[in-house]
Amino acid sequence: MAFTKTHSVAVFAALLLGGCSFTDQALFPPLAQAPDATSSTAGATSAQPSAAVENTYAVPRVSSGQSTGTFVGQKVSSLRNDLQQLQSTLTGQAGQLQQIRNQTVQDSQSYHGTVAAIESRLQVGTTLGNPILVQQWNTAQGALDHINEDVLKMNRLSTDVASTSGLAAYLLDSVRAARSLSGAVDEDHRQLRVLEDETNGTIVMIERLLTDLATDVQRQQQYVSNERSNLNTLAIAIKNGQLYGASLSNVAYANPASLAPGATQATSAAVGSTERPLVVIRFDRQNIAYEDALYTAVKGALDRRPTAVFDVVAVSPSSGSPGTTALGETTARRNAEAVVRSLSQMGLPSDRVRVSSLSSPDATSGEVRVFVR
């Protein structure tokens, strides 16, 4: 189901505030909570995270050193300035990550608040294709797009931090190389040892920032992918005016390639023999409302066996003139393709579905049979 985006935004303050704590915890681990949650509601100040979050990526302090008047001493001073500039860059990048995380939490609260409002309306019952729910669905899709933009920002930031890591490694090599320069006094070597320790400490913080960025990006990419599947399922629910469950992709998580050889192979002869279909959809009239029963049956099969693969078989009557038979086969095939599209919108991965066709003397009209493997 395709909805055109609108610019109207439905605000559901109670839902957003109620889900604030859960959303923050779900998106990021406790270590990465936002430093400040700006809100004008009562009690917001008591729920703000502590200032310790700002020290999550605190770089070691660069100690000052006395000038020795030697060439090596001048080199030490130059390297110390380079480290301070590097730490300033790193602090700014850590601040960018915190800002992106805060924005992601806000976008997620907006998304889940809108989705909750849609599901609440569907749960009590509503009309088919309710335009208010369509508008809210578009709003939720926009919020999810914002989260995806946050992920892109994290990717760009990760590239910048990787460049900082390269500069830090070069600086560490320069500090170590300075110890072999001639004309140094003992104080120069002492300051170089201190500077080496401080550079190593800075590198540790850079690696920590890179690790956290990689973890956040992976988590958010999976989150966005799952929620897009859930939105597709929600679109079908709005179309039919009744609430479904989560996307089928959240249940069908295993790789069917891990099944035994031949487990996914289905021929027309095998399908048409003694096996009992999971669902039979008879297209004997216009506008058959089959999606609710189809979703329930397929989800139940996946709950029992998450690695299940499904055969969608277009069945046409074998009796009649050649022209009538050919027309029936074409119609049955078209209906089977519509069923496959519905399964895809419900979130079932495409590699879990196989399509075939056959003619049967038992079929009085075109029908689609769904078998589970």
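Select from segment 168-187 the residues that are over 12 Å from Leu79 (Cα atoms) and in a helix (DSSP H, G or I) and list them in ascending order.
Within segment 168-187, Ala169, Asp186, Glu187 qualify.
Is it the case, given these coordinates, that Leu152 is among the hydrophobic types (A, V, I, L, M, F, W, C) and farther than 30 Å from Met346 by Cβ?
On the way: among the hydrophobic types (A, V, I, L, M, F, W, C): yes; farther than 30 Å from Met346 by Cβ: no.
So Leu152 fails the test.
Sort through Thr104, Thr127, Thr89 and tell me the only one that's part of a helix (DSSP H, G or I) and surrounded by fewer than 19 Cβ atoms within 10 Å (Cβ to Cβ).
After ruling out the rest, the residue left standing is Thr89.
Have a look at Ala263, Ala246, Ala289 and point out the one that is modelled with pLDDT under 85, part of a loop (DSSP other than H, G, I, E, B), surrounded by 15 or more Cβ atoms within 10 Å (Cβ to Cβ) and of a type in the set (Gly, Ala, Ser). Explain how you work it out, then say what you get.
Values: Ala263 fails: surrounded by 15 or more Cβ atoms within 10 Å (Cβ to Cβ); Ala289 fails: surrounded by 15 or more Cβ atoms within 10 Å (Cβ to Cβ).
Just one listed residue meets the conditions, Ala246.
Taking only segment 89-148 into account, find how many residues are free of Cβ contacts under 8 Å to residues at least 12 places away in the same chain and either under 24 Å from the mean Cα position of the chain (by Cα) or closer than 27 Å to Ile206 by Cβ (or both).
Residues in segment 89-148 being free of Cβ contacts under 8 Å to residues at least 12 places away in the same chain and either under 24 Å from the mean Cα position of the chain (by Cα) or closer than 27 Å to Ile206 by Cβ (or both): 6 in total.
Within segment 298-356, restricting attention to residues that are of a type in the set (S, T, N, Q) and not in a helix (DSSP H, G or I), which residue is surrounded by the fewest Cβ atoms within 10 Å (Cβ to Cβ)?
The first filter runs over segment 298-356 and keeps only residues of a type in the set (S, T, N, Q), leaving 307, 316, 318-319, 321, 324-325, 330-331, 335, 342, 344-345, 350, 356.
From what is left, the residues that are not in a helix (DSSP H, G or I) are 307, 316, 318-319, 321, 356.
Values: Thr307: 17, Ser316: 24, Ser318: 14, Ser319: 12, Ser321: 8, Ser356: 19.
Across segment 298-356, the extreme among qualifying residues is Ser321.
Pick from Arg352, Arg334: which is among the basic types (Lys, Arg), out of contact with any Ser or Thr (no Cβ under 7 Å at 6 or more places or on another chain) and under 30 Å from Asn226 (Cβ atoms)?
Arg352
For the structure I just gave you, tell me whether Asp303 is at pLDDT below 85, within 24 Å of Leu122 (Cβ to Cβ) and of a type in the set (Asp, Glu).
yes
For the structure I just gave you, tell me whether Gly73 is at pLDDT 85 or above, in contact with a Ser or Thr (Cβ under 9 Å, 6 or more places away or on another chain) and either of a type outside the set (Phe, Trp, Tyr) or crowded, with 16+ Cβ neighbours inside 10 Å (or both). Before you say what the answer is, go through the steps one by one.
On the way: at pLDDT 85 or above: yes; in contact with a Ser or Thr (Cβ under 9 Å, 6 or more places away or on another chain): yes; either of a type outside the set (Phe, Trp, Tyr) or crowded, with 16+ Cβ neighbours inside 10 Å (or both): yes.
It is true that Gly73 is at pLDDT 85 or above, in contact with a Ser or Thr (Cβ under 9 Å, 6 or more places away or on another chain) and either of a type outside the set (Phe, Trp, Tyr) or crowded, with 16+ Cβ neighbours inside 10 Å (or both).
With over 24 Å from Ala94 (Cα atoms), of a type in the set (D, E, K, R), out of contact with any Gly (no Cβ under 6 Å at 6 or more places or on another chain) and in the same structural domain as Tyr57 (by TED's automatic domain parsing) as the only criterion, which of Asp197, Asp216, Asp145, Asp186 stands out?
Asp186
Among the listed residues Gln103, Gln141, identify the single one that is polar (S, T, N, Q), within 30 Å of Asn240 (Cα to Cα) and modelled with pLDDT of 90 or more.
When all the criteria are applied, what remains is Gln141.
The values are calculated or read from the model by the stated rules, or taken from the named source; none is laboratory data. Just so we're clear, the structure is a prediction, and the values are computed from it rather than from any experiment. Please note: Cβ atoms are built from the backbone with ideal geometry, for glycine as well, and neighbour counts cover all protein chains shown.
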